Amino acid sequence: MTREDRSSASNEGRGGDAPAQGTDKGGVAQGADKGGAAQGADKGGAAQGADKGGAARSADTGAGLGANEGAGQGADEGKRAGKAGAGKGDLTLEDLRQRLNQIDRQLISLVAERKAISGEVARVKRATGRPTRDYEREKEVILNVRAIAHELGVSEALAEDLLHLLIRSSLTTQEHASVAASGAGTGRRALVIGGSGKMGGWFVQFLASQGFAVEVADPAGAPAGAKHVVDWRTTDLKHDFIVLATPLGITDAILRDLALRRPPGVIFDVGSLKSPLRSGLLALKSHGCKVTSLHPMFGPDTELLSGRHVVFVDLGCPEALAAARALFSPTMAEQVVMSQDDHDRLIAYVLGLSHALNIAFFTALAESGEAAPRLARMSSTTFDSQLDVATRVAQESPDLYFEIQSLNDYGAESLEALSQAVERIRTAVLSQNHEAFVALMQRGRDYLEDRRTVTQRRA
C-alpha cells in the first residue's frame, strides 16, 4: 500500500483532507506521476495527479483542501462514494449526479491549488532570472498529458485543450505577479485622461498594479480605487505619466492644450490611429515635452498579454519611448516600434480592411432577404466562423469604427484593395474562368502559409 493509499484509507469516513475512496470500480483514486495528468487506479476512478512543473499535488499535502471541505467530500460523502462502488446496480440518476458534483469540486479545488503554485513559480522565476514563458516546458507538459490520456482512454484532444486552458491561467497568474512585483510605480503618479472608458480603465488597472498612484480625469467618473478629477486642467500635471485614452475626435485638441502647459512627465496616447493626432503630437515635441504614442493591439477585456502586441510610435524622443516600453517590460507582450506613417499604413489593413470586410459580410446578409433563423438551419463551419467574427464587429462602437475608416490618411488604400478583390472574384465566376479563380485561391494560400511560418518561428 502506497503512502497515498494509506492516507486515503485513514481519512475515509472521517472527513479528512483527502477525498474519500471506494475499493472497486466506483472508487476515487489518486495518483502521482511525472506526467502531470490525472491517473485513476481503476476504470471508474476520478484521478488527481502531480507533475514536476507544479500542476497538481497529491491530496496528502492538504494544500488547497480544507479539513471541513475535504475537496468536497466529508465523511458522509465518503460513505456514499464507497456505497456507489459496492452497489453499482442500485445507483440512481441522482446518485450519479452527486458523484459528478463531487468530482467537479475536486477538479476546481485542484485548479485553485495549481493557481497558487503558479504564483510561487513566478516568484522562483523572478529570483532566478528565468523568463515567465517556457515554450519547451509547455510542449513537454502537453505531450505527457496526451500520452496519459491515451493510456486512460480519454480523448487526447480534450486533454490537450484542458491543459492549454490551465497553462493560460497559469501564465496569467505569473504575469500579473511579475507586474505587481516590479513595483515600477512605487512613489510615482499617473494621470489617465479618459480613464472611465474601456481602454482607459484597462490602463488605470495596469498602472495601479505596478504601484502608481493613479488619478482619472473624466467627467463620467473613475474606476474604484482611483482618485477622480472632472477636468485634467485642474490638476498640477506633475505626474510621471500622462495617458490619453480619449476618443480620437478630441484627443488632438487635448494634446495641443497639454503642449502649452509643458508637463514634465512622459505623455502618450493610446489611439487606434495617429493621422488625426499629427498636430497635437508635433506640438508636444516642439515644446520640448517627453512624448511618444502607443497602440495596444488588444481589447479592454484582455488579461494575458502573451502573444499580444503593443505598438510604440517613435516620435523622436528616446527618453519617452524607453519609459513607455519599460511599463510593459514585466509582461509578455510583444513590443513593436515603428514610425507614425508606417503605423497608419499597416493599420489600414489590420483594422480598416478587416472591419470593412465584416461590415460588408453582415450588410450583404441583412440585405439578402434571407432570415437569420433560416440561414442558421443550414450553416457551415466556415459560415459560422465568419458569422461569429462579424457578430462581434457589429457590437462595437459605430462611431469608433467610422473614425478608423475615415480619419486614416491611408484608409482609402485598403478599401480600394477590397473593392478590386471582390471584383476579380466576381469577374472570374461570371466569366467561368476556372484558371483565374484557382490562381486567386493559390495566391492566398501561399501568402497565408508564409504568415503561418513566421508565426510558428516566432513561437
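Structure summary
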read-out: Qualifying residue in the range 368-381 (condition: part of a helix (DSSP H, G or I), in contact (Cβ under 8 Å) with a residue 24 or more places away in the chain and not assigned by TED's automatic domain parsing to the domain that holds Arg133); value: no
read-out: Filtered residues of the range 380-405 (kept if loosely packed, with under 13 Cβ neighbours inside 10 Å and not acidic (Asp, Glu)); value: Ser380, Thr381, Thr382, Ser385, Thr391, Arg392, Gln395, Ser397, Pro398, Phe402
read-out: Positions within the range 185-205 being at positive phi and in contact with a Gly (Cβ under 6 Å, 6 or more places away or on another chain), in sequence order; value: Gly194
read-out: Subset of the range 250-285 [more than 29 Å from the chain's Cα centre (by Cα), closer than 19 Å to Arg325 by Cβ and hydrophobic (A, V, I, L, M, F, W, C)]; value: Leu281, Leu284
read-out: Failed item, numbered, when Ala322 is tested on (1) free of Cβ contacts under 8 Å to residues at least 24 places away in the same chain; (2) of a type in the set (A, V, I, L, M); (3) buried (at least 21 other Cβ atoms within 10 Å of the Cβ); value: (3)
read-out: Subset tally (residues that are more than 23 Å from Pro263 (Cα to Cα) and not in a loop (DSSP other than H, G, I, E, B)) for the range 289-320; value: 4
read-out: Search result, residues across the range 252-300 that are of a type in the set (Gly, Ala, Ser) and buried (at least 18 other Cβ atoms within 10 Å of the Cβ); value: Ala259, Gly265, Gly271, Ser272, Ser275, Gly280, Ala283, Ser293
read-out: Condition met for Leu171 (more than 22 Å from Leu294 (Cβ to Cβ), surrounded by 21 or more Cβ atoms within 10 Å (Cβ to Cβ), among the aliphatic types (A, V, I, L, M) and not assigned by TED's automatic domain parsing to the domain that holds Lys238); value: yes
read-out: Enumerated strands (runs of 3 or more DSSP E) restricted to the range 137-246, each holding at least 2 residues that are among the β-branched types (Val, Ile, Thr) and either modelled with pLDDT of 90 or more or over 28 Å from Ser272 (Cα atoms) (or both); value: 189-193, 213-217, 241-244
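The values are calculated or read from the model by the stated rules, or taken from the named source; none is laboratory data. A quick note: this is a predicted structure, and the numbers were derived from the prediction, not measured. Cβ sites come from the backbone with ideal geometry, for glycine too, and all protein chains shown count toward neighbours.
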